[in-house]
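I have placed the structure first, in the form of structure tokens, so that the comments after it can refer back to it.
The values are calculated or read from the model by the stated rules, or taken from the named source; none is laboratory data. None of the values given here were measured: they were computed from a predicted structure. We place every Cβ from the backbone using ideal geometry, glycine too, and count neighbours over all the protein chains shown. The accessibility values were calculated without ligands, DNA or RNA, using every heavy atom of the protein model including side chains. Shrake-Rupley method; radii C 1.70, N 1.55, O 1.52, S 1.80 Å.
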Amino acid sequence: MTFSMEPTDEQRELQDWAHAFAEEVIRPAAREWDEREETPWPVIQEAARIGLYGYEIMATLRQDDTGQSYPILCEELFWGDAGIGLSIMGTGLAAAGIASAGTTDQIIEWVPRCYGTEAEPAVGGFCSSEPEAGSDVGNMRTRARYDEATDEWVISGQKAWVTNGGVASVLVVQAVVDPELGSRGQAAFVMEAGTPGIEAGPRLKKHGLRASATADVFFDDVRVPGSALLGGKEKLDEKLARAREGERTGGQAAMATFERTRPTVGAMAVGIARAAHEYALEYAKGRVVFGRPIIENQAISFLLADMAVEIDASRLLVRRAAWLGATRQPMARAEGSMSKLKAGRTAVWATERAIQILGGVGYSREYPVERMHRDAKIFDIFEGTEQIQQLVIARAISGQRLP
């Protein structure tokens, strides 16, 4: 596939469709759901009704051999509002976990269940982080034990910071099956959130993304059938045997999922940054101080110019990484991590500068840039902190296993 900067007709139609939904449905509801700190089910239901949320559209977008459709959708929805955007797109992480590790039969069975139906949409949750194991996946404590007599897996542990925790219908759970092998002794499982022994903690009160549910999820001797193991037991046994012999095992499951989704997360951050820039630009054109619009002040106009440059640069890194992933080319310089690192930094910086341009009113919750700034900060943290991205990139460009 030859790379082109020119979007296809289908991509333009998707962008226009998603932008209209963000402008007409998401933005008018954004402040309400941020203050309520509740999952915006009416918005999710409307997205499902018009075909903008569901297994079919997500599968179609993933088939785009340029890799550009999914980032386009994410950028537009998060331009509307990040909290609502994550409520709509958060299921993609669970779906990606199933798609990256599951068999064909598991993908066909479980990915559609993550999204529910048009009449009754659902959401999925990806359970990887733990209280003592966020970036340090090797410190994971959740255990999965195989009961050969019943062909069941018994899972016990606690997962932290689960997006859609407490509201998800389907959970993808990372667990340790062989503690002696560290991160190479882990596997992924898929299950219904209502399985006996699963209990979600209270919804966390967050700095931003308040419309998106986040909660810890507890597993108390949860029994799931052998078929819940993503990829199947034969494949797992082969992987563990190679690990015990000191051979390469093909990577760690959670990290494979994150690598697949980092450009998508970067696109979300670009959407927030773009929204803040556009709002600040229009404000600067209309705000008159000392007899002239403040955009005529070089300090303001140059700042807005810098914001535009950083946002475009971030988008280009995201689109390149998405293209490399879609065309199955190696990311030899950690291009996926580059895109997420740059876009996250840009979102935090651009939203903070937008507040500065608006001045005192920008600090007020009556104006959306304050909410955008709160929402943006998480993009320096989740799916690999800023420092983890730097480490991944440093290892890639140096060819060394840096500590």
Taking the range 73-98 and keeping residues aliphatic (A, V, I, L, M) and either under 14 Å from the mean Cα position of the chain (by Cα) or open to solvent by 10 Å² or more (accessible area, probe 1.4 Å) (or both) leaves Leu73, Leu77, Ala82, Ile84, Leu86, Ile88, Met89, Leu93, Ala94, Ala95, Ala96
Glu199 meets each of (1) open to solvent by less than 10 Å² (accessible area, probe 1.4 Å); (2) outside any loop (DSSP other than H, G, I, E, B); (3) closer than 27 Å to Thr117 by Cα with one exception, condition (1)
Of the listed residues (Gly194, Gly157, Gly182), the one being more than 20 Å from the chain's Cα centre (by Cα) and modelled with pLDDT under 95 is Gly182
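Can Ala48 be described as farther than 23 Å from Asp375 by Cα and touching a strand residue (DSSP E or B) at 6+ places or on another chain (Cβ under 8 Å)?
Details: farther than 23 Å from Asp375 by Cα: yes; touching a strand residue (DSSP E or B) at 6+ places or on another chain (Cβ under 8 Å): yes.
When the stated conditions are applied, Ala48 passes them.
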Notebook entry, point to check: Are any of the residues in the range 99-108 part of a helix (DSSP H, G or I) and open to solvent by less than 10 Å² (accessible area, probe 1.4 Å)?
Noted result: no
Here is a check on your reading of the model: is Leu341 open to solvent by 30 Å² or more (accessible area, probe 1.4 Å) and more than 23 Å from Ala211 (Cβ to Cβ)?
no
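Does Val177 fit the bill of being open to solvent by less than 10 Å² (accessible area, probe 1.4 Å) and either in contact with a Gly (Cβ under 8 Å, 6 or more places away or on another chain) or closer than 17 Å to Glu152 by Cβ (or both)?
When the stated conditions are applied, Val177 does not pass them.
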Subset of the range 258-307, residues surrounded by 18 or more Cβ atoms within 10 Å (Cβ to Cβ), among the small types (Gly, Ala, Ser) and under 30 Å from Glu383 (Cα atoms), comes to Gly266, Ala267, Ala269, Gly271, Ala273, Ala275, Ala276, Ala280
Output for Cβ contacts, cut-off 7 Å, separation at least six or different chains, first residue touching a residue at least 40 places away in the same chain (Cβ under 8 Å) in the range 283-298, second part of a loop (DSSP other than H, G, I, E, B), reads Ile294/Arg287
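Condition check ((1) at pLDDT 95 or above; (2) over 27 Å from Asn297 (Cα atoms); (3) part of a helix (DSSP H, G or I)) across all residues:
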residue	(1), (2), (3)
Glu370	yes, no, yes
Asp375	yes, yes, yes
Ile388	no, yes, yes
Ala396	no, yes, yes
Scanning the range 133-151 for residues that are in a loop (DSSP other than H, G, I, E, B), of a type outside the set (Gly, Ala, Ser) and surrounded by fewer than 13 Cβ atoms within 10 Å (Cβ to Cβ), the one modelled with the lowest pLDDT turns out to be Asp136
Inside the range 202-229, the number of residues satisfying the requirement of being open to solvent by less than 10 Å² (accessible area, probe 1.4 Å) and farther than 30 Å from Ala82 by Cβ is 4
In the set Val361, Val348, Val369, the lone residue that is within 27 Å of Glu32 (Cβ to Cβ), surrounded by fewer than 18 Cβ atoms within 10 Å (Cβ to Cβ), in contact with a Phe, Trp or Tyr (Cβ under 8 Å, 6 or more places away or on another chain) and not charged (D, E, K, R) is Val361
